[in-house]
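What follows is a single structure, written as structure tokens, with notes after it.
The values are calculated or read from the model by the stated rules, or taken from the named source; none is laboratory data. Note that the coordinates shown come from a computational prediction; the quantities given were computed from them, not determined experimentally. Here the Cβ positions follow ideal geometry from the backbone for every residue, glycine too, while neighbour counts run over all protein chains shown. Side chains are part of the model used for accessible areas, which takes the heavy atoms of the whole protein and leaves out ligands, DNA and RNA. Shrake-Rupley method; radii C 1.70, N 1.55, O 1.52, S 1.80 Å.
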Amino acid sequence: MKKMTLSLLLLVAMLSSQVFAQLGTSDPEADPRVARALDAKGISYTVDSDGDYKIVLGTNDDRTQLAFVRSSTNEYGNMEIREIWSFGYKADGDEFPKSVANSLLEDTFSKKLGAWAKLGNRAVFVVKISANADAESLFNGLKACMLSADTMEEKLTGDTDEF
């Protein structure tokens, strides 16, 4: 009986890992759910070496913005979460000036979707959505992320359009 129970548990674990292959994985395989959503919206992309979707879109006044839709996902309770990232600021050193840090915090408070985070010497706007989001929801998250990051980049750096 113990062997049968152990065999069933092993089988369930194997099947679960195939169904949620992207969940929390560092495997650089691109998640096909993202490709389907981006293709449905006619959004051009490339897949980077991490398996993330790299997207450059126009924003305002001849500016462009780079964003990444992560293929790896995270779990919280019964939710599978995907992140969309876009950089908005790069510090000269590891620390952000006080005025920049305060601007990022104040900006986060007014956002309906997403928040600013620090990644090394860069400020990144991160939107977290369902990993199973439909094409329209993914597009809205992507748009919110890119516009927020580009607006902040322009505010903090003037005419610089690095990202």
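Go through the range 39-73 and give me each residue that's assigned to a strand (DSSP E or B), over 21 Å from GLY120 (Cα atoms) and either of a type in the set (D, E, K, R) or open to solvent by 40 Å² or more (accessible area, probe 1.4 Å) (or both).
Correct list: THR46, VAL47, VAL56, LEU57, GLY58, THR64.
Cβ-Cβ below 9 Å, separation at least six or inter-chain, first residue in the range 100-120 and among the basic types (Lys, Arg), second in a helix (DSSP H, G or I): which pairs?
Close Cβ pairs satisfying both conditions: LYS111/ALA144; LYS111/SER148; LYS112/ALA144; LYS118/ALA101; LYS118/LEU104.
From GLY88, GLY58, which residue is closer than 16 Å to ASP150 by Cβ, in contact with a strand residue (DSSP E or B) (Cβ under 7 Å, 6 or more places away or on another chain) and without any contact (Cβ under 8 Å) to a residue 24 or more places away in the chain? I'd like the intermediate steps shown before the answer.
Working: GLY88 fails: without any contact (Cβ under 8 Å) to a residue 24 or more places away in the chain.
Residue meeting the stated conditions: GLY58.
Kindly provide the set of residues from the range 119-153 that are open to solvent by 60 Å² or more (accessible area, probe 1.4 Å) and in contact with a Gly (Cβ under 9 Å, 6 or more places away or on another chain), ordered by number.
Hits for the range 119-153 are ARG122, LYS128, THR151.
Across the range 129-147, what is the number of residues that are closer than 17 Å to ILE55 by Cβ, without any contact (Cβ under 8 Å) to a residue 60 or more places away in the chain and outside any helix (DSSP H, G or I)?
Of the residues in that region, 1 qualify.
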